[in-house]
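Here's the structure, in structure tokens; my notes come after.
The values are calculated or read from the model by the stated rules, or taken from the named source; none is laboratory data. Just so we're clear, the structure is a prediction, and the values are computed from it rather than from any experiment. Reconstructed Cβ throughout: ideal geometry from the backbone, glycine too, with neighbour counts over all protein chains shown. Just so you know, the surface numbers come from the protein's heavy atoms only, side chains and all, with ligands and any DNA or RNA stripped out. Shrake-Rupley method; radii C 1.70, N 1.55, O 1.52, S 1.80 Å.
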Amino acid sequence: QVQLVESGGGLVQAGGSLRLSCAASGSIFSINNREWYRQAPGKQRELIATITSRGSTNYADFVKGRFTISRDSAKNTVYLQMNSLKAEDTAVYYCKCRVGGNDYWGQGTQVTVSS
């Protein structure tokens, strides 16, 4: 079992920045990739960024150059630095990992960008 807890969401003006955190606990030694997703009202959940256990990263085209995923293995925490935020970035942001074929999700954190 793995527990994920996100934090750092909030209300920000367009052009501003936020940093989200996702702390993991439980069977964390089995976690390899960590991912961030988001879901806007009325839309499907979409993958934003992935980071592997070796630190390799991958991003969706719509956040490249604006968002940065990173991890602090000592703290079992993954971060999502979001810069140059746009109104269309408004969504609930979730972190996810997969262990033993099971997907584990955090509870989500709301990000609202005002234009």
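Summary table
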read-out	value
Rough spin-label spacing in nm, given labels placed 7 Å along Cα→Cβ, for SER27 and TRP105	2.0 nm
Candidate lysines for bridging to LYS75, where Cα separation is under 30 Å - those fewer than 8 sequence places away on the same chain excluded	LYS64, LYS86, LYS96
Accessible surface, 1.4 Å probe, highest first, among residues ARG66, ARG45, ARG98	ARG98, ARG45, ARG66
Computed FRET value (nearest 0.05) for PHE62 with SER114, which takes r as the C-beta separation and R₀ as 22 Å	0.70
Amide H contacts under 5 Å for LEU85, placed H, 5+ residues apart	GLY15, GLY16
Pairwise centroid distance, computed over Cα atoms, of region 1-33 with region 61-86, Å	9 Å
Pair ARG45, SER17: separation of 7 Å Cα→Cβ label points (nm)	2.9 nm
Solution diffusion estimate, µm²/s, Stokes-Einstein, the chain, Kirkwood Rh from C-alpha pairs, 37 °C, viscosity 0.692 mPa s	233 µm²/s
Filtered GluC sites (Glu not before Pro), region 17-115: DSSP coil and at most 12 other beta carbons within 10 Å	none
GNM top mover of ILE28, ILE48, ILE69 - the chain, alpha-carbon springs below 10 Å	ILE28
Over the chain, relative contact order from alpha-carbon pairs under 8 Å, at least 6 apart, %	37 percent
Stretch gain in nm, segment GLN81-GLN1, where the contour uses 0.36 nm per residue and the Cα spacing is subtracted	26.1 nm
